[in-house]
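Single-structure report; data block below.
The values are calculated or read from the model by the stated rules, or taken from the named source; none is laboratory data. As the structure is a prediction and not an experimental result, all values here were calculated from the model. Positions of Cβ are backbone-derived with ideal geometry, glycine not excepted, and every protein chain shown enters the neighbour counts.
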Amino acid sequence: MSKQKLSLACWDYDRTRALIDGRVGVEGVELDVSVMRPRVAFERMLATGEFDICEMSFASYVGLRAEADCPIVAIPVMLSKMFRHDCIYVNRNANIESPRDLIGRRVGTMRYTSTALVFARGLLEHDFNVAPHELEWFVGGIDEGIDAKRPRETPENIRMTLLTKQQTLNAMLENGEIDALISQDIPSAFLKRSPNIRRLFPDFQTAETDYYQRTGIFPVMHTVVLKADLLKADPSLAQRVYDAFLRAKDIALHGLYDTDALHLSLPFLIAHVEEAWRVFGDDFFSYGLEPNRRTLETLCLYVYEQNQSSRLVTPDELFAPVTG
C-alpha cells in the first residue's frame, strides 16, 4: 500500500533532527521535509498554505484560532520554548536600572506581533506593571533596514514610529536614539561587546528561574500545525504526526545525559541537564496540553490583551485531539 506524501517545514533543532534525517517517520506517510528558519516557514504557510505540516508562531496561531474559519489545526508540540528576559537590551547611558524605568522611554523592536514580543510585553505588564501603551515604540530592522509597517492589530493608544530603510535599531540603541530594544535577534553591537549596551536583566537565568518558580510559566514560542482539510479527511493523522514529533524529541533529550562523551559542544552540559531537572522536573521540555496548560492560558490572555485575537481563546480549543 502506497504511503501518503506530505510536506513538512521546520527548523533544524535537535528535537526535529530525527524527522529530518529519517530515523523517525510518520506512520503511513512519506515526508518531504524542508528545513528553513522559522519566520520563513511562518510567512510562507500563512501566505499561501504552502505546506501540509508546518512549524508555526504560537501567537499567530492563537489569533487565527479565534476566527471561525481557521485553515490550520495545531497538535500539542511545543517545538520552541524560551524565556524572554534575556532579549531586553538597554543603552547604558539611559539610566534604566529596572523594568519600571522603561515607562515613557523609546523602545525598539523588529517584530511587534511575534510570540517573543507578546510574552515580553506580557512579562513587563503583569510582573512589573509596565503597560505597552506607556512605552514609545520604534519598529524597524535590527542590523539592516526593512520596509516597516504598523501591524493592523496594534491598538490605537500604542505610539509607534516606523523606521526608514536607512535606519537600524542596532545603531539607534548604540548611539542613544532609542533607550531600549526588545528583540529575539541579538543585536550586532551587543555581540561585539559594545560598552554602550547591556541587558536589562544581566543575570537573566536567575530572573527566569525565579519567574518560572513563581508562575509555572515556561513560555512557548512555536507549535506545529496541519492543514485543517487534511485532518477533516483523516482525523487519525494528528495522532500519528504527534507521536513522530514526540519520538524525535525523546531521541534528542535521551542523548544529552551521557558522561562518556558530550552530545553537544557545551563544556558544562551535564550540569545544565541536572539543573533543568531540578527546576523543571524530569520532563523539562514537555509536549502535550496538560503539562503546558498554565503557559498556554497565559499566552492566550496576552494575545487577547494585546489586541492580536478577536476573542479570548482557551487552551482546550487549540489542538486536534491526541493522547500521550
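Quick look at the values:
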read-out: Qualifying residue in region 184-196 (condition: in a loop (DSSP other than H, G, I, E, B), in contact with a Leu (Cβ under 9 Å, 6 or more places away or on another chain), surrounded by fewer than 16 Cβ atoms within 10 Å (Cβ to Cβ) and among the polar types (S, T, N, Q)); value: yes
read-out: Filter result for Gly216 (in contact with a His (Cβ under 9 Å, 6 or more places away or on another chain) and surrounded by fewer than 16 Cβ atoms within 10 Å (Cβ to Cβ)); value: no
read-out: From the options Asp127, Asp143, Asp179, Asp147, residue that is touching a Lys or Arg at 6+ places or on another chain (Cβ under 9 Å), among the acidic types (Asp, Glu) and closer than 22 Å to Arg39 by Cβ; value: Asp147
read-out: One residue from Ala74, Ala148 being in a strand (DSSP E or B), of a type outside the set (Lys, Arg) and more than 23 Å from Arg193 (Cα to Cα); value: Ala74
read-out: Unmet requirement for Leu262, which otherwise passes all of (1) without any contact (Cβ under 8 Å) to a residue 24 or more places away in the chain; (2) under 30 Å from Gly28 (Cα atoms); value: (2)
read-out: Members of region 121-137 that are part of a loop (DSSP other than H, G, I, E, B) and either assigned by TED's automatic domain parsing to the domain that holds Cys300 or crowded, with 19+ Cβ neighbours inside 10 Å (or both); value: Val130, Leu135
read-out: Some residue of region 230-241 being outside any helix (DSSP H, G or I) and either modelled with pLDDT under 95 or more than 28 Å from Leu31 (Cβ to Cβ) (or both); value: no
read-out: Matching entry among Lys249, Lys232 (being out of contact with any helix residue (DSSP H, G or I) (no Cβ under 6 Å at 6 or more places or on another chain), of a type in the set (D, E, K, R) and surrounded by 20 or more Cβ atoms within 10 Å (Cβ to Cβ)); value: Lys249
read-out: Residue match in region 98-116 (condition: out of contact with any helix residue (DSSP H, G or I) (no Cβ under 8 Å at 6 or more places or on another chain) and in a strand (DSSP E or B)); value: yes
read-out: Within region 286-311, tally of residues that are within 20 Å of Asp210 (Cβ to Cβ) and among the aromatic types (Phe, Trp, Tyr); value: 1
read-out: Options Val107, Val77, Val118; residue that is more than 20 Å from Phe190 (Cβ to Cβ), of a type in the set (A, V, I, L, M), crowded, with 21+ Cβ neighbours inside 10 Å and outside the structural domain of Gln306 (by TED's automatic domain parsing); value: Val118
read-out: Every pair of residues 6+ apart whose Cβ atoms lie under 7 Å, when the first sits in region 158-180 and is acidic (Asp, Glu) while the second is assigned to a loop (DSSP other than H, G, I, E, B); value: Glu174/Ser194; Glu174/Asn196; Asp179/Ile96; Asp179/Arg105
read-out: Any hit, region 185-193, residues being out of contact with any helix residue (DSSP H, G or I) (no Cβ under 8 Å at 6 or more places or on another chain), among the acidic types (Asp, Glu), closer than 30 Å to Asp69 by Cα and in contact (Cβ under 8 Å) with a residue 12 or more places away in the chain; value: no
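So that you can scan it fast, the table gives a plain yes or no per residue for (1) charged (D, E, K, R); (2) in contact with a strand residue (DSSP E or B) (Cβ under 8 Å, 6 or more places away or on another chain); (3) in a loop (DSSP other than H, G, I, E, B):
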{"site": "Phe284", "(1), (2), (3)": "no, no, yes"}
{"site": "Pro291", "(1), (2), (3)": "no, no, no"}
{"site": "Thr295", "(1), (2), (3)": "no, yes, no"}
{"site": "Thr298", "(1), (2), (3)": "no, no, no"}
{"site": "Tyr304", "(1), (2), (3)": "no, no, no"}
{"site": "Gln308", "(1), (2), (3)": "no, no, yes"}
{"site": "Val313", "(1), (2), (3)": "no, no, yes"}
{"site": "Pro321", "(1), (2), (3)": "no, no, yes"}
